[in-house]
Amino acid sequence: MSELTVDTPRPSLTGFTLPLTTAFGAFFGLIAGSASGSVLIGLVAGAVIAAALAFGLCTLHGNKTIRRGHGKWIGAAVFGVLGLIVGGVSGLLAGALIGIAVGWFALWLHTGAYRDNVPIYATGPQVLWHNTFLFICGAVFFFLIAPILTIIPLSFNAENFFTFTPEMIALDPEGYSLKHYNDFFTNPDWQQALWNSVKIAPAATFIAVSLGTLAAIGLSQSHVPFRRAIMAIMISPMIVPLIISAAGMYFFYSRIGLQGTYVGVVLAHAALGIPFVIITVTATLVGFDRSLTRAAANMGANPVTTFFKVQMPLILPGVISGGLFAFITSFDEVVVVIFVGSANQQTLPWQMFTGLREQISPTILAVATILVCLSIALLTTIELLRRRSEKMRGLSPG
Amino acid sequence: MTSSATDPDAFTGATPDNALRDADRAEGPMLAADGTPLKKSLMRALRREKMRALMLIAPLLIFILVSFIAPIIDMLFRSVENQIVSETLPRTVIALDDWDYESGELPDEAVYRALAYDLVAAEAEKRHTRLGSRLNYETTGISSLFRRSGRDIDDVGEVYADQFIALNEAWEEPAFWVGLMASETWIEDQAEWAARAADEENFDRAEPRFRLRDGVAEVLPQTASAYSEFARITQVEDEDSPTEEEPWFPVYMALYHDLIDNPDAAGAYGGQMAEVLGAAAEAAPGFESQDIRQTFLDIEEGWGDLEVWGTIEAFSNPYTAGYFLASVDLQLTPAGIEAKPDNESIYILLFERTLFMSLVIMGSCILLGYPIAYLLSTLPLRVSNVLLILVLLPFWTSLLVRTSAWKVLLQQQGVINDILVWLGLVADNERLVMINNQFGTIVAMTHILLPFMILPLYSVMKTIPPTYVRAAKSLGATNWTAFWRVYFPQSVPGIGAGSILVFILAIGYYITPELVGGTTGTFISNRIAYHISSSLNWGLAAALGTILLVVVLVLYWVYDKIVGIDNVSLG
């Protein structure tokens, strides 16, 4: 077999790479210029520096002094130093970021790497479209993640503002503090809310997991009358909009005296978490080899032993991830608890909700940051469990 | 629901079903090891298996039925329930049967008299204000009418009381009234109870419940009804005894009318009571009478308003469609169903806005989610798993965290406006208003619901073989044709699944519109919450909720037809 090598032609330096990089640099110059009040200077300076950088990089790359990956670091160094001269520490940071972009862009164009993921026969417009498409996707990912990432630095704000202060932008240590975290851990309201959440969520999870697992095992038996109807009833808390569940539970629980009690909130949250347990555990049971329980029974194990020694370890990943779903449902839930609970059952999300509605303090952002960390931990756990479960069931690890 | 792993008919192993089929096929009766016919013993095994499955399911099923299904049914019930009118004004409602709103005349004396008996009882139990606020949803002004009338209702009938007492001091004594109205056994029980209460310490048994004298309901019907109501409320509400309390004035009015209707009432009694009652019956026609209708009109002019009476009559049924009519900006007036005045009709607008905004959110989720799902499905698994985390992280992050993030970003002193001002694109005094309006709600909810679009789309696109598009291209299709004619139709199920999911979630959203929606970006769910916690019009909240629930269930039915509920995957 002979190896097929494709010789992609280098794009022309003066006709392609230089003008594009210059325009790219001019765009950043325009932004920096308009921010500091002199649009024209910024535009020209950005264009000139970017052109010079591109020329230098392409020449260095041409005589094999540097590889493609070096471009962004050299760019970062050049723009960073310039930024430091013009705008201090924050200028250094901004300059370095722009430099990375420009430096990478110049060599990305020069080496023809922009054609890497398209077939070699693709026409120019097709290549352009492919890269535009990637850019659009990048923008959507940015839309998904940026709001969550923005609140993390804001939670260290030394002022009681919901926005970046000039000190923060200048990276002045004075602009940052842990006072909102301090407030969260000392303020009795927040502590009470945290404590309530910590009390309610595990109790609801326990009910949901224990009843849900049993029912899922029952549902996966081969002979269940009215399976569809039973399944529909059990999934219904997930289907019905929360506000309707909340309204119904408020009316009904006030009738039977559970409104405004811990028991009421725990029951309501358990009901909301049950569909997730049912779905995850039945999904695990679908791949469950039923001859294993028969083999265990054959060897003299009673049903209880079979359940705990054979079935349980195999479906445990599903049970745990269902439990995590139920936990997060209860822990994040706010609509139902507002109606079913009273001031004594104020949970963390409820406290955040009131805080946001009345705009009291940026402590909310500190809480939000802590919750983001919690969700990252949960996401990791679930992902690991999923892989383990698939490995145990002999499916390929995803 | 029938997948190969759970469908009984798809098992090939030794299940009772399969054995039964074998038994059917075999000739002659097959016997099990213990000698019973195989078919029978297998049936027993099958039944036992079914029972065991049901036993495992039962705890959860009961739990869900009690903690979730019962509340939903309660809400459905509340949306039509209207017993408060017939419970608070039972006599009035019956008396009103003969009255017709169309006649254009006020109800007759009997209705006003019934109202007096009902109202004095309701006032003693403080139920009249609740009825007032209920009827106020239908006709404004009734709430204050009931509240103010409650204060003066005690005096209705005072004229008669004075005249009875002037005739004979006995009419002032509670004991005489008890003798007249109560059953003899009750009087004995009460006396025994009173003696024990006086002698024994720590005696905390309640007084025996008042019982009417046999036959008094026929002789003095209005008095019996009014007095027993008085006795009940005195015992239950005031924890007092009818033997120590003088009856309400309207009871005297009832007695006056009973004696006019039936002058021979004394015949049912003997001894002193017959004497006193007989004298009263004789004197009654000569009493100065009170025009009860005029009395009510003096208390409150509202009682001369036809609309008030029409409203009471229209809502006298224990069940009403009134709340549902109100949910679609109609109202049940005495003259029939009418449209609400324009300045009060908001629900149709709210339903339309909820639908419109949910559609816009769904549309933007498709626009943003489609490229992402496509990219994820074409990239190698290793890369796409990493990128998938960027989708799953927002999915797993608390709803309130994401909403607060948008609040921080979008507000006028927020991050986006700051950047725009810093860049010089927007003047400092002309900061964009991006929050507390529809724009803010749409942006924040698109962000929150986007993962629900991407995940189903991704799982569908993963199964589309790339060879089809390549084949199309090699047959001469342009990129666009290959995408539009070959790839896109195969991804439509994913779009359908994601759209319905996003739409269903959006239509019932409460938290985000509440926090970033202001007044123009709120949904029907915010109105439901408002009626539950602020205006306390629970019936209307229940009716709005019921309509929303029906819409969502229909959409789910469609979803089930298209994708199947079982295919809901959690990442």
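The values are calculated or read from the model by the stated rules, or taken from the named source; none is laboratory data. In this text, all values refer to a predicted model and were calculated from it rather than measured experimentally. Cβ sites come from the backbone with ideal geometry, for glycine too, and all protein chains shown count toward neighbours. These area figures cover heavy atoms from the full protein model, side chains too; ligands, DNA and RNA do not enter into them. Shrake-Rupley method; radii C 1.70, N 1.55, O 1.52, S 1.80 Å.
Summary of values
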item	result
Rule-of-thumb Rg ratio for the stretch A:188-360 [Cα; 2.2 N^0.38 Å; N residues]	1.20
Those residues of the stretch B:57-72 for which accessible area with every protein chain present is at least 40 Å² below the isolated value (1.4 Å probe)	B:ILE57, B:LEU60, B:LEU61, B:PHE63, B:ILE64, B:SER67, B:PHE68, B:PRO71
Aspartates and glutamates with Cα under 18 Å of B:LYS40, excluding same-chain neighbours fewer than 8 positions away	B:ASP17, B:ASP22, B:ASP24, B:GLU27, B:GLU49
Per-residue HN-Hα couplings for the stretch A:58-71 [Karplus 6.51, -1.76, 1.60; θ = phi - 60°; Hz; x = Gly/Pro]	5, 5, 4, 5, x, 9, 6, 6, 10, 9, 4, x, 6, x
From the C-alpha gyration tensor of the protein assembly as shown, square roots of 5λ in Å	72, 41, 26
Mean ellipticity per residue at 222 nm, deg cm²/dmol - from DSSP H runs of n ≥ 4 across the protein assembly as shown, formula -39500 (n - 2.57)	-22000 deg cm²/dmol
Cut-off 12 Å between beta-carbons: net charge of the residues surrounding B:ARG91, Lys and Arg +1, Asp and Glu -1	-3
Sulfur and carbon atoms: percent of accessible area, the stretch A:61-208 [1.4 Å]	72
Reference-scaled alpha-carbon Rg (2.2 N^0.38 Å with N residues) for chain B	1.49
Mean Kyte hydropathy of 1.6 or more with a Cα span along the axis of at least 15 Å, helices from DSSP in chain B	B:381-396, B:488-507, B:538-562
Portion, in percent, of the accessible area of the stretch A:219-266 that falls on carbon or sulfur, probe 1.4 Å	69
Interface B:A - total buried accessible surface [probe 1.4 Å, Å², rounded to 100]	8800
Accessible-area ranking of B:ILE187, B:ILE84, B:ILE562, largest first, probe 1.4 Å	B:ILE562, B:ILE187, B:ILE84
Accessible area (Å², 1.4 Å probe, nearest 10) - B:LYS50	80
Net charge of neighbours whose Cβ lies under 14 Å from the Cβ of A:GLY175, counting Lys and Arg as +1 and Asp and Glu as -1	-3
Accessible surface, per residue, of the protein assembly as shown when the full set of protein chains is kept, probe 1.4 Å, Å²	47
Projected-area mean, the stretch B:347-567, by convex hull of Cα positions, square nanometres	15.8
Solvent-accessible area, 1.4 Å probe, carbon plus sulfur percent, for the stretch B:347-567	69
Per-residue average of Cβ from other chains inside 10 Å of A:210-220	5
